Amino acid sequence: MSLRGGLCGSGVGRLTAVLAVVAAACCLAASPAAATEVINTIHVGEAPYGVSSDGTHVWVANETEDTVSEIEASSGKVINTIDVGLGPFAVSSDRTHVWVTDAREDTVSEIEASSGKVINTIDVGNDPEGVSSDGIHVWVANYVEDTVSEIEASTGKVINTIAVGMQPYRVSSDGTHVWVANNVEDTVSEIQASTGKVISTIPVGSEPVGVSSDGTHVWVANIGENTVSEIEASTGKVIRTIPVGSAPVGVSSDGTDVWVTNVEEGTVSEIEASTGKVIDTIHVGSYPYGVSSDGTHVWVTNLGESTVSELLISKPSFTIEKLQKIAGEASYTTSELSAKVGQTVDYEIVVKNTGNVPLRFKEPSDPRCGGISPGGEQTLATGSQETYMCSHELTSTGSYANQASIEGDEGTGTKTSSTVTVMVEPAAASCTTVSGHGVYKKVGEVGRLKVLDNLSTNLKAPQMLRIKYETGRVHFHLLKLEKASCTGEPGARDFQGEGAAAVSKIKKTGYTLSFSIYEREGGFFFSSKLMKGAEEVEASGGPLKKSTEVIH
């Protein structure tokens, strides 16, 4: 007799501690257990022991019903119930086939995964209780006869029978080595998969029952001392012994975390594989036994209530991206842009929840972009995103680089976007027209008038200032640029005299004074002509500053 049999009756199991609590579970009403980590509880057949997930489907061995329940992983619903041999106890899926130990008839049922039909029944050793398929070979632990049967997966034939330690209970293959938990002698047998030979026998904790290899480490559940032994696969040495819950039986490693069922506590211990530390204890159903992790979900069989608990492995993550466009353009980009002083850059900050749990974010930080909208904290569901908007007016030439950052919860921390850049050039002249007038005052025979207060510091191309004098008054008019494109060199002669120059002395009406204003490397300059009708009377030129007082 074994742990799988004789519950609520006269049968006595080999693993006394576990048998006692499991027997109590089926004879007494089990209290419901639920926690936030469990996202679904699925009813399956009676006495579910073994479980195996291949990422798309989950397969559960129901021992007293002689069936296997097939669960669709995406929906968490039972989509098929498959009749197998007597006493199905352990199960292993390699995505194409599912292998089930029929412990009461010493066989293995081979199920075609795509159809859910049994396509072969294979005779193995006495009391097969553990099974593991690596896709090429299937390894079966035969409890009573202390052997492992090696099945060729492609043919379904036993090609080798390997002697191991006393009462092998569970087995795990990582493709290169096969690890067998020998319950009575407190060891693990290491088999080289290519030869089928035992190459090492490793002492572990008391009464090892569960074993799982992720290729780099092997994890062994020791029910006799409530620990997990961690074996370094490359050396075959125990490098850590980790205390877990009461009566650990099932163990499954996905390479990142190790999941251990604690039968007497109704919990699962989560061990961080990189540190070997227990980082969480999760309440599941009544008397959890089998466990299988596919990297995104963990599936746990609960003997006391004939259910499977589905746990979501929390993997929070998010991305942040900064995009830009010049105001008025159609689309945003991460590429470098060119713009001129005075133009506005519009920005998008796109934050996306790429994990599998909701995340709450603080308001983005972007010191070089004003008016971020929406403001305040935001919560994003799995797969959703938020687009924040802001803008900036360019005020100086050169490179304007910008990036944003945001902080999320669930340990995701603060992330910063990549940098977007705008190369800023001087602005073109405004090409506007400004008009006005001033009073012509005489100081002796010289009048004074400030006529350049409206001169733009961004002036690039020549403009024409025309002044017409009348008796006692002067009118001035700043015309559009001489070229429609707002570029070009001044048409007037290049005068570069020093200081403000007297350009004319007006003693009567009918004269016109014309200025050509332009920018050169040394600053702003002017040239002027005093005209009477079409006749040029005087010409002059020199440096020019904003608000320069021009003397007439």
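The values are calculated or read from the model by the stated rules, or taken from the named source; none is laboratory data. The structure displayed is predicted, hence computed values, not measured ones. Neighbour counts run over all protein chains shown; Cβ positions are idealised from the backbone, glycine included.
Ile372 satisfies every condition listed in (1) assigned to a strand (DSSP E or B); (2) closer than 27 Å to Glu37 by Cβ except (2).
Conditions tested, residue by residue: (1) within 15 Å of Lys352 (Cα to Cα); (2) part of a loop (DSSP other than H, G, I, E, B); (3) in contact with a Gly (Cβ under 9 Å, 6 or more places away or on another chain).
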| site | (1), (2), (3) |
| --- | --- |
| Thr382 | yes, yes, yes |
| Met389 | yes, no, yes |
| Thr395 | no, yes, yes |
| Glu407 | yes, no, yes |
| Val424 | no, no, yes |
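Among all residues of the range 350-361, there is at least one that is outside any strand (DSSP E or B), modelled with pLDDT of 95 or more and either among the polar types (S, T, N, Q) or under 30 Å from Thr41 (Cβ atoms) (or both).
Screening the candidates Glu407, Glu393 for the property of being in contact with a strand residue (DSSP E or B) (Cβ under 8 Å, 6 or more places away or on another chain) and modelled with pLDDT of 95 or more yields one hit, Glu407. In the range 336-366, which residues are more than 13 Å from Tyr400 (Cα to Cα) and among the polar types (S, T, N, Q)? Hits for the range 336-366 are Asn353, Thr354, Asn356, Ser365.
Of note, Ala153 does not satisfy the criterion of being touching a Lys or Arg at 6+ places or on another chain (Cβ under 8 Å) and assigned by TED's automatic domain parsing to the domain that holds Trp59.
Yes/no matrix, rows are residues, columns are (1) out of contact with any strand residue (DSSP E or B) (no Cβ under 9 Å at 6 or more places or on another chain); (2) at pLDDT below 95; (3) at positive phi:
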| position | (1), (2), (3) |
| --- | --- |
| Thr235 | yes, no, no |
| Val249 | no, no, no |
| Thr267 | no, no, no |
| Val291 | no, no, no |
| Val300 | no, no, no |
| Pro316 | no, yes, no |
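Residue-level check: of (1) crowded, with 23+ Cβ neighbours inside 10 Å; (2) within 22 Å of Val51 (Cβ to Cβ), Arg104 misses just (1). Checking the conditions here, which among Ser365, Ser391, Ser399 is in contact (Cβ under 8 Å) with a residue 60 or more places away in the chain and hydroxyl-bearing (Ser, Thr, Tyr)? Sole residue among the options that is in contact (Cβ under 8 Å) with a residue 60 or more places away in the chain and hydroxyl-bearing (Ser, Thr, Tyr): Ser391. Residue count for the range 43-66 under the criterion of being assigned to a strand (DSSP E or B) and crowded, with 19+ Cβ neighbours inside 10 Å: the result is 12.
Table: residues versus (1) surrounded by fewer than 24 Cβ atoms within 10 Å (Cβ to Cβ); (2) in a loop (DSSP other than H, G, I, E, B); (3) under 37 Å from the mean Cα position of the chain (by Cα); (4) not aromatic (Phe, Trp, Tyr).
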residue	(1), (2), (3), (4)
Ile79	yes, no, yes, yes
Ser92	no, no, yes, yes
Ile122	yes, no, no, yes
Asn126	yes, yes, no, yes
Glu129	no, no, no, yes
Ile159	yes, no, no, yes
Val171	no, no, yes, yes
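Exactly one residue among Val260, Val249 is in contact with a helix residue (DSSP H, G or I) (Cβ under 9 Å, 6 or more places away or on another chain) and either without any contact (Cβ under 8 Å) to a residue 40 or more places away in the chain or in a strand (DSSP E or B) (or both), and that residue is Val249. For the range 310-324, the set of residues classified as of a type outside the set (S, T, N, Q) and part of a strand (DSSP E or B) consists of Glu310, Leu311, Leu312, Phe318, Ile320, Glu321, Lys322, Leu323, listed by residue number. The combined condition, being farther than 30 Å from Asp174 by Cα, in the same structural domain as Glu393 (by TED's automatic domain parsing), out of contact with any His (no Cβ under 6 Å at 6 or more places or on another chain) and outside any loop (DSSP other than H, G, I, E, B), is fulfilled by Ala339.
Beta carbons closer than 6 Å, at least 6 apart along the sequence or on distinct chains, pair a first residue in the range 138-155 that is under 20 Å from His97 (Cα atoms) with a second that is in a loop (DSSP other than H, G, I, E, B) and modelled with pLDDT of 95 or more for Val138/Ala153; Val140/Val124; Val148/Val164; Ser149/Val124; Ser149/Gly125; Glu150/Gly196; Ala153/Ile136.
Can Ser309 be described as among the polar types (S, T, N, Q), over 30 Å from the mean Cα position of the chain (by Cα) and farther than 15 Å from Ser172 by Cβ? Answer is no for this residue. Of all the residues in the range 177-221, those that are crowded, with 17+ Cβ neighbours inside 10 Å and of a type in the set (Gly, Ala, Ser) number 8. For the condition more than 29 Å from Gly295 (Cβ to Cβ), in the same structural domain as Asp214 (by TED's automatic domain parsing), at pLDDT 95 or above and touching a Phe, Trp or Tyr at 6+ places or on another chain (Cβ under 9 Å), what is the one hit in Ile122, Ile111? Of Ile122, Ile111, the one residue that is more than 29 Å from Gly295 (Cβ to Cβ), in the same structural domain as Asp214 (by TED's automatic domain parsing), at pLDDT 95 or above and touching a Phe, Trp or Tyr at 6+ places or on another chain (Cβ under 9 Å) is Ile122.
I need the full set of residues from the range 222-246 which are buried (at least 21 other Cβ atoms within 10 Å of the Cβ) and small (Gly, Ala, Ser), in order please. The one that is buried (at least 21 other Cβ atoms within 10 Å of the Cβ) and small (Gly, Ala, Ser): Ser229. If you go through the range 284-342 and keep only what is closer than 14 Å to Val60 by Cβ and hydroxyl-bearing (Ser, Thr, Tyr), you end up with Tyr289, Ser292, Thr301, Ser306, Thr307, Ser309. Any residue at all in the range 347-357 that's within 30 Å of Ile39 (Cα to Cα) and either exposed (fewer than 13 other Cβ atoms within 10 Å of the Cβ) or touching a Cys at 6+ places or on another chain (Cβ under 7 Å) (or both)? Scanning the range 347-357, I find no residue that is within 30 Å of Ile39 (Cα to Cα) and either exposed (fewer than 13 other Cβ atoms within 10 Å of the Cβ) or touching a Cys at 6+ places or on another chain (Cβ under 7 Å) (or both), so the answer is no.
Every test in (1) at pLDDT 95 or above; (2) over 25 Å from the mean Cα position of the chain (by Cα); (3) part of a loop (DSSP other than H, G, I, E, B) is passed by Ala330 save one, and that test is (1).
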